[in-house]
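Only one structure is covered here, and it is reproduced in the block below.
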Amino acid sequence: MSAQARLYDPIRRHAKRKARRTAGLDRPLVVAVLLDLGMPILEKHDAVGEALFGQPIVQATSAGHRRVIDDDGVWVDAEGRPRHAGVTALLLRENVAFDPALPTVHHHPFARRPFTVKSLPLRTVRYAAGRIDSVTGATTTAHELFGLPPDWPGPEDPFEGVMTDTVPSPAMWHPESVVPTP
């Protein structure tokens, strides 16, 4: 297994595990996955597409080489047949920076119960025939969506004192330090 395939495993593993339990659902199911790998993998061209539809591989045969799709896709098998249609969409966010970025919604093209909400303020990706069909950009920021101040999580440097001799003392919180409001 290549390092690239192992990087996509968190997407596949979580989506497949949830999808196996969707047979009796009567409503759309959106599976949320937070990737916390410490490195950006979603920036690679078609990384999510390869995780969802299978990774192209070259198979050596006695007649030569042929390109096939590995049977590791979440939404289609090696023959291109739909699977895990109980999952409506995948809500995917990568945690590689300390920023309040919004997740992306990846719609299942063969979902039994399609996600019909049209006015999501999130980036939305729709697929057709295993390829990206359309991408809609986010119409808001995380600060606006969650009602947070623009400098959230705070104006201080998140790495203040790291790799220096001036590491700040930890701030301690105690329940008695909270002043009740009248």
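The values are calculated or read from the model by the stated rules, or taken from the named source; none is laboratory data. Note that this is a predicted model, so its numbers are computed, not measured. In this analysis, Cβ positions are derived from the backbone assuming ideal geometry, glycine residues included, and neighbour counts consider all displayed protein chains. These area figures cover heavy atoms from the full protein model, side chains too; ligands, DNA and RNA do not enter into them. Shrake-Rupley method; radii C 1.70, N 1.55, O 1.52, S 1.80 Å.
Condition check: modelled with pLDDT under 80, of a type in the set (Asp, Glu) and closer than 23 Å to SER134 by Cβ. Does ASP71 satisfy that? Please lay out each step first, then the result.
On the way: modelled with pLDDT under 80: yes; of a type in the set (Asp, Glu): yes; closer than 23 Å to SER134 by Cβ: no.
No.
Residue pairs whose Cβ atoms lie under 8 Å apart, sitting 6 or more positions apart in sequence or on different chains, and linking a residue in segment 130-144 that is within 19 Å of PRO109 (Cα to Cα) to a partner that is loosely packed, with under 13 Cβ neighbours inside 10 Å and of a type outside the set (A, V, I, L, M, F, W, C), are GLY130/GLY80. Taking the criterion of being closer than 16 Å to LEU25 by Cα and of a type in the set (Phe, Trp, Tyr), the residues of segment 76-120 that qualify are PHE110, PHE115.
Out of VAL117, VAL125, VAL179, VAL162, which single residue is in a loop (DSSP other than H, G, I, E, B) and either surrounded by 10 or more Cβ atoms within 10 Å (Cβ to Cβ) or modelled with pLDDT of 80 or more (or both)? Quick ask: steps written out before the conclusion?
On the way: VAL125 fails: in a loop (DSSP other than H, G, I, E, B); VAL179 fails: either surrounded by 10 or more Cβ atoms within 10 Å (Cβ to Cβ) or modelled with pLDDT of 80 or more (or both); VAL162 fails: either surrounded by 10 or more Cβ atoms within 10 Å (Cβ to Cβ) or modelled with pLDDT of 80 or more (or both).
The match here is VAL117.
Of the residues making up segment 82-106, those that are in a loop (DSSP other than H, G, I, E, B) and at pLDDT 85 or above are ARG83, HIS84, ALA85, GLY86, VAL87, THR88, LEU102, PRO103. Do you know which of the residues in segment 130-152 that are open to solvent by 90 Å² or more (accessible area, probe 1.4 Å) and not hydrophobic (A, V, I, L, M, F, W, C) is modelled with the lowest pLDDT? Only one residue fits best here, namely PRO150.
Going residue by residue through segment 37-47, is there one that turns out to be open to solvent by less than 80 Å² (accessible area, probe 1.4 Å), at pLDDT 80 or above and farther than 30 Å from TRP152 by Cα? No: segment 37-47 contains no residue that is open to solvent by less than 80 Å² (accessible area, probe 1.4 Å), at pLDDT 80 or above and farther than 30 Å from TRP152 by Cα.
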